[in-house]
Amino acid sequence: MCNCNCEGPKSDLSKLDSVLSEYGDSSSNLITILQKAQNIYGYLPKDVIYYISEKLGVTPADIMGVATFYSQFRLTPIGKYLIMSCQGTACHVNGSERVLSAMKEYLGIESGETTADGLFTLEEVACLGCCSLAPVIMINGEAYGNLTPDSAVEVLKNIRQKEGK
């Protein structure tokens, strides 16, 4: 890892010390350590991955292998509002693709991206388990169901208005 600060702001790595001392220096706890690290930082910054690597004695590549294998881990920051758009069977047959397209158009981003203002991150998920509400999205843990393209965009407009943007 270079010292030129070309990789963006550095994380306060001391926040990880209690996690690392609680779970020891064993790589057998890597997934738990990564989960705790993501809870602290909101995602897994590169310098955090290198720090964990150093403390556990595993390569950054090994950590990246785990972090990229499991969909729960994020390698980039997410917006203030995480939109999960269900693409499961019930949602799909009830128009989730049209809802997703309308949200992409309104937000000006693709799935997996965050708006320039940092307000929204849009993700497609396999199933939210809210099939009776299909099509459904979840924003920061709150479900919005029986959506149309227009009603989904209205939800986003209301959030943006509430945020004053």
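Readers should treat all values here as calculations from the given coordinates under stated rules, not as data from a laboratory. Nothing here was measured: the structure is a model prediction, and the numbers come from that model. Positions of Cβ are generated from backbone atoms using ideal geometry, with glycine treated the same way; all protein chains shown enter the neighbour counts.
Summary of values
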| read-out | value |
| --- | --- |
| Residues with amide H under 5 Å from that of Phe120, placed H, sequence gap 5 or more | Lys80, Tyr81, Thr115 |
| Over the chain: helical MRE at 222 nm, DSSP H runs n ≥ 4 each giving -39500 (n - 2.57), nearest 500 | -12500 deg cm²/dmol |
| Cα centroid separation - region 110-163 against region 40-65, whole Å | 30 |
| Rounded, prolate or oblate (a/c below 1.5 giving rounded, otherwise prolate when a/b exceeds b/c) for region 13-69 by Cα gyration tensor | rounded |
| Global geometry of the chain, whether rounded, prolate or oblate, following the gyration tensor of its Cα atoms and the 1.5 cut on a/c | prolate |
| Gyration tensor (alpha-carbon) shape descriptor, region 59-129, a/c threshold 1.5 | oblate |
| Options Val19, Leu122, Gly112, ranked by Cα towards positive dipole end of the chain, top entry (Cβ charges) | Leu122 |
| Choice from Gly118, Gly95, Gly57 with maximal GNM fluctuation in the chain (Cα, 10 Å cutoff) | Gly57 |
| Lys, Arg +1 and Asp, Glu -1 on Cβ, resulting dipole of region 81-162 about Cα centre, debye, nearest 20 | 200 |
| Region 81-162: relative contact order in percent, alpha carbon pairs under 8 Å with at least 6 residues between | 38 |
| Those lysines that a straight Cα-Cα span of less than 17 Å connects to Lys157, excepting residues fewer than 8 apart in one chain | Lys80, Lys104, Lys165 |
| Estimated dipole of region 13-69 in Debye, rounded to 20 [Cβ of Lys and Arg +1, of Asp and Glu -1, Cα centre] | 160 |
| Hz values of 3J(HN,Hα) by residue in region 82-92 - Karplus curve (6.51, -1.76, 1.60), Gly and Pro given as x | 8, 9, 10, 9, 5, 10, x, 4, 4, 5, 4 |
| Fewest-first sequence of Thr121, Thr68 by Cβ atoms within 10 Å of each Cβ | Thr68, Thr121 |
